[in-house]
1. Could you tell me how many of the residues in the stretch 1-58 are small (Gly, Ala, Ser) and touching a Lys or Arg at 6+ places or on another chain (Cβ under 8 Å)?
2. Would you check which residues across the stretch 162-180 are within 19 Å of the chain's Cα centre (by Cα), free of Cβ contacts under 8 Å to residues at least 60 places away in the same chain and surrounded by 14 or more Cβ atoms within 10 Å (Cβ to Cβ) and list them?
3. Being surrounded by 15 or more Cβ atoms within 10 Å (Cβ to Cβ) and farther than 19 Å from residue 40 by Cβ: is that true of residue 109 here?
4. Name the pairs whose Cβ atoms lie under 9 Å apart, with the first residue in the stretch 1-15 and under 19 Å from residue 149 (Cβ atoms) and modelled with pLDDT of 90 or more, the second open to solvent by less than 100 Å² (accessible area, probe 1.4 Å) and of a type in the set (D, E, K, R), and 6 or more positions between them or separate chains?
5. What is the number of the single condition among (1) touching a helix residue (DSSP H, G or I) at 6+ places or on another chain (Cβ under 7 Å); (2) farther than 17 Å from residue 135 by Cβ that residue 56 does not meet?
6. For the stretch 76-105, which residues satisfy the criterion of being touching a Pro at 6+ places or on another chain (Cβ under 9 Å) and under 16 Å from residue 153 (Cβ atoms)?
7. Specify which of the listed residues (87, 80, 141, 154) is more than 18 Å from residue 170 (Cβ to Cβ), without any contact (Cβ under 8 Å) to a residue 12 or more places away in the chain, surrounded by 13 or more Cβ atoms within 10 Å (Cβ to Cβ) and touching a helix residue (DSSP H, G or I) at 6+ places or on another chain (Cβ under 7 Å).
8. From the set of residues in the stretch 38-77 that are under 24 Å from the mean Cα position of the chain (by Cα) and small (Gly, Ala, Ser), which is surrounded by the fewest Cβ atoms within 10 Å (Cβ to Cβ)?
Amino acid sequence: MINLLSFNQQQQIVVRRGISAFIFCLTFVLIGYFVIALPLPLLNTPESRLIFSLRCQIFPVLMLFAGIVAVGNGRFSSPAINPLANAESEAMRINLRYLSNTLEQFVLFFVGSLILSTFLDTYSIKLIPILATLFVLGRIAFWIGYLKEPIERAFGLGVTLYPTIAVLIYDAYRVLFFNS
């Protein structure tokens, strides 16, 4: 059992936000999967499920694009137009870190989602848009939290990362033990 009292105040915040993110993700996936009826086309071949999964990646990749736009606009309208001038404002540094972290997270999410789609059937493929939505919500929460107070990015990081970890573990398990 984790003793929160042994952590400093910032660590306690991160742990609480991480637990909240885990509960949020679990609730979101369960409601999305079992309660909300997602109208999906008949995806009865592995190829059609893979194509569907690729198409769902547009929304997570737009979060990456938003970071590129924010950094580009910030550079264009400031002395940081020269990236070697070390003239980045705090907001610019946060946007750069958001962009870097989003790229890292997206690569893992993208690969994990595509592999996952090869294991899912016609019914369970609805996990892909649910996970893509969680990715987007996580990135928004991460960015807003970071801009508000950097330690507050923890919830958004958890919402982005926990589902990806679960998907990668599941993918590795299926490849190792049930590669069919």
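1. Of the residues in that region, 1 qualify.
2. 164, 166, 167, 170, 171, listed by residue number.
3. Yes, satisfied.
4. Here the result reads 13/152, each pair linking the stretch 1-15 to a residue that is open to solvent by less than 100 Å² (accessible area, probe 1.4 Å) and of a type in the set (D, E, K, R).
5. Going through (1) touching a helix residue (DSSP H, G or I) at 6+ places or on another chain (Cβ under 7 Å); (2) farther than 17 Å from residue 135 by Cβ one by one, residue 56 breaks only (2).
6. Once the filter is applied, which keeps residues that are touching a Pro at 6+ places or on another chain (Cβ under 9 Å) and under 16 Å from residue 153 (Cβ atoms), the stretch 76-105 yields 94, 97, 102, 105.
7. 87
8. Across the stretch 38-77, the extreme among qualifying residues is 72.
The values are calculated or read from the model by the stated rules, or taken from the named source; none is laboratory data. These numbers were taken from a predicted model, which means no experiment stands behind them. Counting neighbours? That spans all protein chains shown, and the Cβs are built from the backbone with ideal geometry, glycine included. These area figures cover heavy atoms from the full protein model, side chains too; ligands, DNA and RNA do not enter into them. Shrake-Rupley method; radii C 1.70, N 1.55, O 1.52, S 1.80 Å.
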